[in-house]
Amino acid sequence: MNEVENPVQKLWQQQPVEGLQMSVEEIRRRAGKFERRIVRRNRRETLGCILVSGLFAYFMIGNHDLLFRIAYGLFIAGMIWVAVQLQRKGSIRNLPPTLGASTSLHFFRTELERQRDAVRNVWPWYLAPLVPGYLMLTIAYAIAFPQPVRWIGVAAFDGFVVLIFVGVWKMNQRAARCLQKSIDELNAAE
Amino acid sequence: MAAEASAQDELYHEAAETYGAALERLARAYESDADLRRDLLQEIHVALWRSFDGFDGRCSLRTWIYRVAHNVAASHVLSQRRTRVQMLVGLEELENMADAQSGPVAADRSHALNRLLELIQRLKPLDRNVMLAYLEGMDAAEIGEISGLLPGNVATKIHRIKNMLARQFRQGGNES
């Protein structure tokens, strides 16, 4: 340690600390606990996906109209795709063991880029997979119930869903722009 | 395998013994909530132990330890609500903000320390990294090795830090 240069450095270095002590056994136990947390999260998300897919499968089997069955099948495929992507991009993850080989700038930028890509590409991995099922369901409904009054209701509901999709997409684009700004600042500092 | 595990454990013991206090100070600079801070500190210790499995001696042990600790802490900041990260500022902004909010000289040590912590916790992770390394007494070359910033940028940031601290803690102007 270098010699203490000024009173503020002295103030900082001489502040009281609790003196945390962790044995290697405790460290190993805690490392294992974190791994188990990730496994539990993955299990929870898989279970959620199975439940929702199961519900759509139930509708699919119970319905005799081919178009409705295709729509529910597409929803199931979309749900599975979203669940897989959620696990891949999830926020809880083990930090790489090579952390010490990475400078702070490199590590921080990589983390920001990972977050930016996840939010910027929300359309292909989170929203788009649900669109085919939804479109097919609308078509199936319009054909099965050809009364214009019913179509008005469907159109209103469709408009609501489109608004939600656009809102989610716009929010994520804004978050991506903020993250990109931070990345640009880091690039300028290098 | 057993020998490797033992080398990893030995490095960890050395790190915890020599830099334990500095790591606690670092955790304090990144997390103000006591419970979350304890979690963060434990996470840093776990990451350090894991990292020593891949320690190749290409940089000093101290540089390695600080890189791991800062990276875990930065990851902790990022995993908080995203808006919180956006609210953090760079050294230049902090300098202006600190000047505008400059109050009377902190009379006692704990008061002064709290004021210092307030300043540090408002900084973006990379600038916080530089400020903490400076406060721990590291030189510009080592700060550059840990942060990955170019020497010129490190020098500029240290200059800013010194000026800001001098004005905030009334040490009689520019010390650089």
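The values are calculated or read from the model by the stated rules, or taken from the named source; none is laboratory data. Please read all numbers here as calculations on a predicted model, not as lab measurements. Cβ coordinates were reconstructed from backbone atoms using ideal geometry, including for glycine residues, and neighbour counts include every protein chain displayed.
Here are some residues: A:128, A:77. Which one is touching a Pro at 6+ places or on another chain (Cβ under 8 Å) and either in a helix (DSSP H, G or I) or not β-branched (Val, Ile, Thr) (or both)? I'd like the intermediate steps shown before the answer.
Details: A:128 fails: touching a Pro at 6+ places or on another chain (Cβ under 8 Å).
A:77 is the lone residue from the list that is touching a Pro at 6+ places or on another chain (Cβ under 8 Å) and either in a helix (DSSP H, G or I) or not β-branched (Val, Ile, Thr) (or both).
Is one or more of the residues making up segment A:54-61 away from chain B (no Cβ under 14 Å) and either touching an Asp or Glu at 6+ places or on another chain (Cβ under 8 Å) or modelled with pLDDT under 85 (or both)?
Checked segment A:54-61: no residue is away from chain B (no Cβ under 14 Å) and either touching an Asp or Glu at 6+ places or on another chain (Cβ under 8 Å) or modelled with pLDDT under 85 (or both).
When you scan segment B:22-59, how many residues do you find that are touching a residue at least 12 places away in the same chain (Cβ under 8 Å) and assigned to a loop (DSSP other than H, G, I, E, B)?
4
Only one of B:40, B:11, B:61 is surrounded by 15 or more Cβ atoms within 10 Å (Cβ to Cβ), more than 14 Å from the chain's Cα centre (by Cα) and under 17 Å from residue A:27 (Cβ atoms). Can you tell me which? Before you say what the answer is, go through the steps one by one.
Details: B:40 fails: more than 14 Å from the chain's Cα centre (by Cα); B:61 fails: under 17 Å from residue A:27 (Cβ atoms).
Of the residues listed, the single one that is surrounded by 15 or more Cβ atoms within 10 Å (Cβ to Cβ), more than 14 Å from the chain's Cα centre (by Cα) and under 17 Å from residue A:27 (Cβ atoms) is B:11.
Out of curiosity, is residue B:132 at pLDDT below 90 and either closer than 28 Å to residue B:75 by Cα or assigned by TED's automatic domain parsing to the domain that holds residue B:28 (or both)?
no
Taking segment B:19-46 as the region of interest, how many residues are within 9 Å of another protein chain (Cβ to nearest Cβ) and over 18 Å from residue B:125 (Cα atoms)?
6
State whether the residues of segment A:172-180 include one that is within 14 Å of chain B (Cβ to nearest Cβ), touching a Leu at 6+ places or on another chain (Cβ under 6 Å) and surrounded by 11 or more Cβ atoms within 10 Å (Cβ to Cβ). First the steps, then the outcome.
Keep residues of segment A:172-180 that are within 14 Å of chain B (Cβ to nearest Cβ), which gives A:172-180.
Filter again for touching a Leu at 6+ places or on another chain (Cβ under 6 Å), leaving A:179.
Now narrow it down to the ones that are surrounded by 11 or more Cβ atoms within 10 Å (Cβ to Cβ): A:179.
Yes: one or more hits.
How about segment A:80-90: which of its residues are assigned to a helix (DSSP H, G or I) and touching a residue at least 40 places away in the same chain (Cβ under 8 Å)? Please lay out each step first, then the result.
As a first pass, look at segment A:80-90 and keep what is assigned to a helix (DSSP H, G or I): A:80-89.
Those that are assigned to a helix (DSSP H, G or I) and touching a residue at least 40 places away in the same chain (Cβ under 8 Å): A:81, A:82, A:85, A:86, A:87.
What are the residues in segment A:119-137 that are surrounded by 19 or more Cβ atoms within 10 Å (Cβ to Cβ) and over 28 Å from residue A:71 (Cβ atoms), if any?
A:119
Conditions first: (1) modelled with pLDDT under 80; (2) among the polar types (S, T, N, Q); (3) over 27 Å from residue B:10 (Cα atoms). Residue A:2 passes all but one, so which condition is the exception?
Of the numbered conditions (1) modelled with pLDDT under 80; (2) among the polar types (S, T, N, Q); (3) over 27 Å from residue B:10 (Cα atoms), the odd one out for residue A:2 is (3).
Taking the conditions exactly as written (loosely packed, with under 11 Cβ neighbours inside 10 Å and at pLDDT below 85), does residue A:43 satisfy them or not?
It is true that residue A:43 is loosely packed, with under 11 Cβ neighbours inside 10 Å and at pLDDT below 85.
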